[in-house]
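Coordinate-derived values only; no laboratory data. Note that the structure is predicted; figures quoted are calculated from it, not measured. We place every Cβ from the backbone using ideal geometry, glycine too, and count neighbours over all the protein chains shown.
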Amino acid sequence: MSDLIATGQTVTFTISQTPKRDAPRKTLQRLMRLQPEVRGGLKKLQERRRRHDNHTYIRAGKAWTSRVKATRLTTVAEGESFTLTLTPQILPDVRSIERYVDMKAN
């Protein structure tokens, strides 16, 4: 399937099976975070955390920050789909997870 994909194409990926190992699961999650609407949500969360949620206190005369854990806006589950425009930087990642997804060029 990887011979049919080329850079500049918009491709929709649908997860056909959930990976058991952590490496492909993390790769899928990283690719899902590249979607513009997910990136916008992460940016809004980043701003909120910077202004409100992180706890700053004085320790040894300096400001220390206790940060909130990062939120995952995407879940790697069977049936989830996401759309990406392929770039040369993400092609190796796409090739490494192609057995877990169904690809459809738009």
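A few notes on this one:
- Count of residues meeting criterion [in contact with a Leu (Cβ under 9 Å, 6 or more places away or on another chain) and more than 12 Å from I90 (Cβ to Cβ)] in the stretch 19-34: 1
- Selection within the stretch 71-106: residues that are among the small types (G, A, S) and farther than 18 Å from R21 by Cβ. The member of this set that is nearest to the chain's Cα centre (by Cα) is S81.
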